[in-house]
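Right, one structure below, let's go through it.
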Amino acid sequence: MIDLYFWPTPNGKKISILLEEAAIPYKIKAINIGRGDQLTADFLKISPNGRMPAIVDHDPIGGGSPLTIFESGAIMEYLAEKSGKFWPKEPHKKYDVAQWMYWQMANQGPKMGEQGHFRRTANAGKNGDQAYALLRFDNEVHRIYGVMNLGLHKKKYLAAGEYTIADMICYPWATTWQNRNLDLNEFPNVKRWLDEIGERPAVKKAMAAGPEYREDPASVTPDEQARRSKLLTHQRAQAVPKEWS
Ligand SMILES: N[C@@H](CCC(=O)N[C@@H](CS)C(=O)NCC(=O)O)C(=O)O
């Protein structure tokens, strides 16, 4: 059985899409990132980056003790290897998939994440003039949709001529095009691909996660709100937790 440390964000949903597609049994361990669960001593042992998703496989490939992995790209490669699905082994295909995996991890995810951060900051009217940051990340995100549009030119899927983890890793972020200051009609190949992937039953199931995790804001006291804000805003390096000694 695989424990999936999860919160319903695009990075979390990459993994649940693959687990559903490959029909791998898993148990969700909720990591409420708004409450700071990602920074507890126990979770940092699994993910020293203090970010979800992460997995623990209690029945790992090759046997032995439970195997833990953080970083969604590494998790997806492991699960594809474990299931023998969605990552062809033939070298041309294998590295076609790999390049899109690394592209997603280094470009699409971080740039779209930063765009969201600066847009929220600007909308909150905090921290002065955000004009340059908005220009920079609006342009980068526009460029990124263009990269996918080129990658999908006359191609049904991003890599290897078949549906793979490359599509699954790029899909959840790509669905968040609204409120990103772009017109999806400029990217017809991405639009067509989004429509097609979005029809897959496993994708539908994984993408539907969310409402059941939402907290009632009225249940969060002002003291708790202040604790969360102090913990989560302007994060810097974590000291080695005393519980680790
Ligand atoms: N590169 C990481 C990124 C993971 C990540 O940024 N996760 C976010 C949610 S989407 C998180 O845990 N955020 C908690 C925080 O910012 O404190 C991956 O792909 O696994």
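The values are calculated or read from the model by the stated rules, or taken from the named source; none is laboratory data. In this text, all values refer to a predicted model and were calculated from it rather than measured experimentally. Here the Cβ positions follow ideal geometry from the backbone for every residue, glycine too, while neighbour counts run over all protein chains shown.
Would a scan of the range 16-29 turn up a residue that is within 16 Å of the ligand (Cβ to nearest atom) and more than 30 Å from residue 231 (Cβ to Cβ)?
The answer is yes; a qualifying residue exists.
Cβ-Cβ below 7 Å, separation at least six or inter-chain, first residue in the range 183-211 and touching a residue at least 60 places away in the same chain (Cβ under 8 Å), second aliphatic (A, V, I, L, M): which pairs?
Cβ pairs passing all conditions: 202/17; 203/17; 203/197; 206/17.
Need pairs with beta-carbon distance below 7 Å; first residue within 21 Å of residue 105 (Cβ to Cβ) and within the range 46-75, second within 16 Å of the ligand (Cβ to nearest atom) and modelled with pLDDT under 95; sequence gap 6+ or separate chains.
Once the first residue is within 21 Å of residue 105 (Cβ to Cβ) and sits in the range 46-75, its partners that are within 16 Å of the ligand (Cβ to nearest atom) and modelled with pLDDT under 95 give 50/238.
Please count how many residues of the range 117-138 are surrounded by 16 or more Cβ atoms within 10 Å (Cβ to Cβ) and either touching a residue at least 60 places away in the same chain (Cβ under 8 Å) or within 16 Å of the ligand (Cβ to nearest atom) (or both).
3
Do the conditions hold for residue 101, that is, is it within 15 Å of the ligand (Cβ to nearest atom), out of contact with any strand residue (DSSP E or B) (no Cβ under 7 Å at 6 or more places or on another chain) and in contact (Cβ under 8 Å) with a residue 24 or more places away in the chain? Break it down into steps so the answer makes sense when it comes.
Values: within 15 Å of the ligand (Cβ to nearest atom): yes; out of contact with any strand residue (DSSP E or B) (no Cβ under 7 Å at 6 or more places or on another chain): yes; in contact (Cβ under 8 Å) with a residue 24 or more places away in the chain: yes.
Yes; evaluated as a whole, the condition is true for this residue.
Which residue is farthest from the ligand (Cβ to nearest atom), if the candidates are limited to the range 227-243 and must be loosely packed, with under 10 Cβ neighbours inside 10 Å and not aliphatic (A, V, I, L, M)?
Of everything passing the filter in the range 227-243, 242 is farthest from the ligand (Cβ to nearest atom).
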